[in-house]
Amino acid sequence: MSDFLPNLLSELGLSLTTQQINQFIIFKEELLNWNKKINLTGLTEEKEIIIKHFYDSLLGLKSYEWNGQEKVLDLGTGAGFPGIPLKIIYPSLTMVLVDSLQKRVRFLEHLLKTLCWEEVQAIHGRAEELGQEKLYREKFDLVVSRAVARLPVLVEYCLPFVQVGGVFLAYKGTGGQKEGQEAAKAIEKLGGKIAKLESFLLPEQRGQRTIMVIKKVKPTPSAYPRRPGVPYKKPL
Ligand code: SAH
């Protein structure tokens, strides 16, 4: 881990401090420990975690020019992907992690304590509800989300949180292009515009990934997001 990870991330143009390497090690160990009790990840091999969780989470740094000070929300973060790796790389980010599954939020609370990250919030809640709350609606420079829903559903979960001028980074697999076409109408309705779609290969033939950059160009109409479950059952 202590050699493999920094070497790999140098391919992304990142050079890690000892503190950052230690944070990734703590993350991996806590993840594997808690994964014995609650379902956090299907990956248990160290190399797989590094490539498919850590490296993959950081692909968002390639598709958008970050300044490292952004206010970021990770929607459906699960065990903290991609939000935690992004925060390790840019410690000055304001990071809000959201998930609808209480036991995963409990893991996150434990991890945040272990990393001494009092300033990072882990919220138990649903996108459909939080997206209508004044405290969160249109308050973020960036929203990131990986493996949560198909794009027509996902944009209704995520775009309401993005302030006009900000962006939503959707982490997708190989089907990114097709999903973009399917979601075109929904994106427009919600005040978004597809700015970029970029594909990457994970190291060691571990698959292809697509990052979609969706810019918020207009406020989201107040009817969205609809009630819990509706975006999923009746995608826009
Ligand atoms: N982003 C993580 C987890 C993906 S699993 C990763 O890439 O590894 C999808 C997660 O999204 C689950 O933990 C689930 O609880 C959460 N989720 C699904 N629908 C949601 C919603 N409407 N609001 C908030 N979280 C949701």
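Across 226, 106, the residue with the most accessible area heads the list, and the full order at a 1.4 Å probe is 106, 226.
Taking 23 Å as the straight-line reach from the Cα of residue 185, the lysines in range (excluding those fewer than 8 positions away in the same chain) are 172, 193, 196, 215, 216, 218, 233, 234. Does the range 47-154 classify as rounded, prolate or oblate by the C-alpha gyration tensor (a ≥ b ≥ c root eigenvalues; a/c under 1.5 gives rounded; else a/b over b/c gives prolate, otherwise oblate)? Rounded shape, in that the Cα axes give a/c under 1.5.
With protein chains left intact and a 1.4 Å probe, residues in the chain average 46 Å² of accessible area per residue.
Structure remark: mean-square fluctuation, Gaussian network model of the chain, C-alpha springs under 10 Å; the largest value among 41, 18, 210 belongs to 18.
Oblate is the label for the range 66-221. Its Cα gyration tensor axes, ordered a ≥ b ≥ c, give a/c of at least 1.5 and b/c at or above a/b. Computed on the range 112-198, with alpha-carbon pairs under 8 angstrom and 6+ residues apart, the relative contact order is 27 percent. Largest accessible area first, the listed residues 224, 232 line up as 232, 224 when surface is computed with a 1.4 Å probe on the assembled protein chains.
Give the Debye-formula value of log10 I(q)/I(0) at each listed q (0.16, 0.22, 0.24 Å⁻¹), with one equal scatterer per alpha carbon of the range 1-84, two decimals each. Log10 I(q)/I(0), no solvent term: -0.66, -1.22, -1.39. Quick one: grab the alpha carbon gyration tensor of the range 142-236, order the square roots of its eigenvalues as a ≥ b ≥ c, and give me rounded if a/c is under 1.5, else prolate or oblate depending on whether a/b is larger than b/c. Prolate shape, in that a/c is at least 1.5 and a/b is the bigger ratio. Rolling a 1.4 angstrom probe over the chain with all protein chains present gives an accessible area of which 48% lies on carbon and sulfur atoms.
Heavy-atom accessible area, probed at 1.4 angstrom with all protein chains present, ranks 26, 88 as 26, 88, highest first. Counting only residues at least eight positions apart within a chain, or on another chain, the aspartates and glutamates with an alpha carbon under 16 Å from that of residue 62 are 11, 70, 198.
The values are calculated or read from the model by the stated rules, or taken from the named source; none is laboratory data. This is a predicted model, so every value here is computed, not measured. We work out accessible area using only protein heavy atoms, side chains counted, and drop any ligands, DNA or RNA first. Shrake-Rupley method; radii C 1.70, N 1.55, O 1.52, S 1.80 Å.
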